[in-house]
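To start, the structure under review is shown below, and the notes come after it.
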Amino acid sequence: MQRTKYLLDEDAIPTHWYNVAADMPTPMEAPRGPDGNPVSPDALAAIFPEAIIEQEMATERWIPIPEPVRQGLALWRPSPLYRAHRLEAALGTPAKIYYKYEGVSPAGSHKPNSALAQAYYNQQAGIQRLATETGAGQWGSSLALAGEMFGLEVDVYMVAISYEQKPFRRSMMETWGASVVPSPSNRTQAGRDALAADPDNPGSLGLAISEAVEDAASRADTSYALGSVLNHVVLHQTVIGQEAKQQFELAGDYPDAIFAPCGGGSNFGGAAFPFVADKAAGRDVRLVAVEPDSCPTLTRGQYAWDYGDSAGLTPMMAMYTLGHDFMPPGIHAGGLRYHGDSPLVSRLHRDGIIEAAAVPQLGTFEAGVTFARSEGIIPAPESCHAIRAAIDEAEACTQSGEEKTLFINLSGHGHFDMTSYDRYFRGELEDYAYPEAEIHRALEGLDRAE
Ligand SMILES: *Cc1c(COP(=O)(O)O)cnc(C)c1O
């Protein structure tokens, strides 16, 4: 039988994270305060421990992974790389398709890779409690797990509409000992203002971030933890791409193109950035960030200075954005409904090192079902975006006869998203491309970044 699974020993878990800032063609700019000046690291000390702030600003290429974090990761890492023989056969494509499965973590996605590191550094700094937000519940579950592993209390502001629609993600967080409140809540000023304006506010990721940041800034025993976007989060995810490189060596192959879903950019950056160094050394590899056409940050947003949250409590970052008051339509890939994108991913996109593609909702579920019926794994709706784009590429190979090697980062499983699949099967889902006029409106008043 052909070997379709590439497994590594625990020893192969990377000992360092790879910091792409060291290999950027143009240097990163520090975040800016409301006065337009760069924020000092001290300004972040109210919500983050020092080690995290250092990583946020770091420019060295390799940053050691603390041993307790590596041991925690060993609970499920290295994650497997599969050759998708059955999917290739179903498509009748000459392309070779591989996927790395991050759904083997206890929380079911790549997000614990960063949650563990963040919980560890906070525990080392004597912090007792973490405040965070969650959209679909993936990040909240991951931080709940990590808080449990490192002995920290975890409080999660969960976007109200998800709180109602995803009760089992909430139970999962509670199982790992976290407390969960729907956002907007009465606990914070940002939440009270939003509820005063609209008592039925369904919430958004930007608003939940405002609540969690306000909570963390108001208590000395509490830090804030973010599940994506920031440099240190993307850094922690680079274990994915480093393992993948070792696995492609085992397979005697190398990708022509890498596809990962892109919400805030952390699993994309984690999978793709370790290949940026090869690209800089002259190797030809396409790095494709795939987003929903209903939240087209990289493909239709603007490279501008914008806040990370809707209330404007965070510093401003130079990133592709749809505007911080962007209200995402209720598509089912909850993890991809964020107005901005990682500053690292954004910069590399502006500099032409990475590519972006946007795909419609119905096509993503169709691709997810094709994948589940050939490879067995039911992908998260977010992951279905990368599968869609890879299948499109594989079908182009069928036309051209090219035998390209395609790599999908399968960021998570969809076991908590079956109501979305259910609605797809009942024909209740729609395509919704975000209207151009709305994008223009939301971007008014933002400063373009250079
Ligand atoms: C959160 C999430 C994403 C999107 O977040 P990124 O930071 O862009 O990686 C993608 N897939 C899954 C399964 C997620 O939980």
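Before moving on, here are some points about what is shown:
- Helix 381-400 axis, angle to the chain major axis (alpha carbon atoms, nearest 10°): 30 degrees
- Heavy-atom surface of the chain, accessible at 1.4 Å and reported per residue (Å²): 37 Å²
- Tilt relative to the chain, helix 138-150 - C-alpha long axis, 0 to 90 degrees, to 10: 80 degrees
- Over all projection directions, the Cα-based convex hull of the stretch 80-168 averages an area of 7.7 nm².
- Helical runs assigned H by DSSP (4 residues or longer) give the chain a calculated mean residue ellipticity at 222 nm of -12000 deg cm²/dmol, each run adding -39500 (n - 2.57) before division by the residue total.
- Spatially near lysine pairs across the chain, Cα under 30 Å, sequence gap of 8 or more or different chains: 22
- Order of exposure, largest accessible area first, which applies to Met319, Met327, Met28, Met172 with probe 1.4 Å: Met327, Met28, Met172, Met319
- Folded to 0 to 90 degrees: helix 239-251 orientation relative to the chain principal axis, Cα: 10 degrees
- The chain - Debye-derived log10 I(q)/I(0), Cα point model, q = 0.07, 0.09 Å⁻¹: -0.30, -0.51
- Using the Cα coordinates of the stretch 255-365, the gyration tensor eigenvalues translate into equivalent-ellipsoid semi-axes of 24, 18, 10 Å, sorted from longest to shortest.
- Dipole moment magnitude, nearest 20 debye, the chain about Cα centre, only Lys, Arg, Asp, Glu C-beta charged: 900 debye
- Estimated translational diffusion coefficient (Stokes-Einstein, Kirkwood radius over Cα pairs, 37 °C, 0.692 mPa s) of the stretch 25-106: 189 µm² per second.
- Under the combined filter of DSSP loop state and at most 11 neighbouring Cβ atoms within 10 Å, the stretch 1-103 retains these trypsin sites (Lys or Arg not before Pro): Arg3.
- Loop trypsin sites (Lys or Arg not before Pro), the stretch 353-450 (other Cβ atoms within 10 Å of the site Cβ: 12 or fewer; DSSP): Arg426
The values are calculated or read from the model by the stated rules, or taken from the named source; none is laboratory data. All of these numbers come straight from a predicted model, not from anything done at the bench. For neighbour counting, all protein chains shown are included, and Cβ atoms are generated from backbone atoms with ideal geometry for every residue, glycine included. Each accessible area value is taken on the protein alone, full model and side chains, heavy atoms only, with ligands, DNA and RNA left out. Shrake-Rupley method; radii C 1.70, N 1.55, O 1.52, S 1.80 Å.
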